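Student: Got a structure here, written out as structure tokens. Questions coming.
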Amino acid sequence: MPVDVPHKDRILALRPRTDIESIRQMLASRPHWLVEQVEIHGCTVPSHGESRKDAGTGSAPDGVPDHLWIDDTVPALELRQRVDRLVLKDIVWGLVGMASRNFLLQNFRTITVLDLQHVDCFGPNQLLRILDSFPALEELSLWTVDWTMPSAPQHHQLTSQSPLHLRRLVLADTEASQLVGYWLLGRRPQSAVENVRLMYNTHREALLDMIWFSRFIARSASSLEQVEYRIVAAPADGGEVPRRRVGRPRAQGNLEDGPDRLAVGPLEHYGLDETTLTLADDEPPCIRDLEQIDEGLYTRSMQPLPSQGPYDRYKEHLDRVRSNMNHFPNSAVQTMSISIPWYPQCLVPLTILCTLLTPRTSKFELTVRFADIREFNAMPWPQLDSLLADISVQEADDRSFELYIFLGHIMDCESFDLSVRSALPRVCARGHLAIETDVYIDGRRH
């Protein structure tokens, strides 16, 4: 097998074709060569940024992820120095052998950076066990992290009392964002994050995250310095943007059903059944006392969302959250960037996020995208005008406050600009926001 020699100093990348003996010999011959970052690439699909020679090499002929190479490689890995960063990419965590999982969770406890990319767990408790295994975390990134079985996590996993301080948090296109949010909150005396980046594929997921994020803001405002909030797409029919899953489609069922009443069809593709849902290194699913967490909102929000329709189940709570949100004079936010498509409840996250703006904020960017003139006319412009006109900003040469309005519809640009400015009279009168408008059709400027 070819030797997978790291291309960058201090980074050790392991893939299905890695020759572990050659790696060990290389490390032994270079005692002063320090490994600061370990990456494990499952290479189960022909994408996710892998090279052509590695793409798909981690799957069996029938397409099922094959992680046996991890079991042969990782436990044999001997690193004599502290590793600061761990990257897991394109992996079905439940298919990694127990010895390998225990090795990673026990021997990398001192890492300060954890990056999970395209990782599937069998259930929420598996993901929470990963997060709880690294008490020194300073940076946490989850990119498209999902689970196969919607079983309930343990009560203690969402009620941690250990202080947590992250320099950076990234939750991008991940069904686990609500779970991680409640894990962040727990019952910690301190839950601080300096830089947060939230990215979504649908506005419904983003809206539901406001339930936990509003409480997170109240607890972390004094430490939060940078906020980036983006919704990539919002299909007109309210449907989901398809995800490329590492494993098979998730099973169907409800949280309250418990594992015995959940369909396990997808796991059959892995050669598993209901007797192997709870692996030896996992906490057994339990919903006892779960309703006490956040008045049961976590349990209900974990239910599969309807493919379309209103947010009746959450509208009352979200309206209450928005009406009770006050500005945080102790907010440390220096920069904030928001990019959203229009949708009926788009003012909910805007209202909540704008409570973090203070005269100390030096940069604020808001981009609102409209698919057509119908959406543009449906925008509650008076409310948006009032919200943006009332934000606390301080004029200075080194400060930037900009509003971008894009319309994906054929229209005269000058007329469109006049329409926007007439819809925001208070903002224009105050003059603290630089307004830019443009018309984009099929991604091209017109």
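Rule-based calculations on the coordinates, nothing more; no lab input. What you see is a predicted model; the values in this text were computed from it and never measured. No Cβ is skipped: glycine too gets one built from the backbone with ideal geometry, and neighbour counts run over all protein chains shown.
Student: Net charge within 9 Å of Glu436 by Cβ-Cβ distance, Lys/Arg positive one each and Asp/Glu negative one each, not counting Glu436 itself?
Tutor: Values: positive: none; negative: Glu402, Asp417, Asp438.
Net of charged neighbours comes to -3.
Student: Of all trypsin sites (Lys or Arg not before Pro) in the stretch 148-204, which ones are in loop regions per DSSP and have a Cβ with at most 13 other Cβ atoms within 10 Å? Please list the in-between numbers first.
Tutor: Details: sites: Arg167, Arg168, Arg187, Arg197, Arg204; in loops: Arg187.
Loop-located and lightly packed - Arg187.
Student: Can you list residues whose amide H is under 5 Å from Thr148's amide H, if they're 5+ apart or on another chain and H is modeled 1.01 Å from N?
Tutor: Placed amide hydrogens put Cys121, Phe122, Gly123 under 5 Å from Thr148.
Student: Please compute the modelled spin-label separation between Trp33 and Leu418, points set 7 Å along Cα→Cβ, answer in nm with one decimal.
Tutor: With each label placed 7 Å out from Cα toward Cβ, I get 6.8 nm.
Student: For Leu166, list long-range residues whose amide hydrogen, built 1.01 Å from N in the peptide plane, is under 5 Å from its own amide hydrogen.
Tutor: Ala192, Val193, Glu194
Student: What spacing in nm lies between the two simple spin-label points modelled at Asn102 and Arg360, each 7 Å away from Cα in the Cβ direction?
Tutor: 4.8
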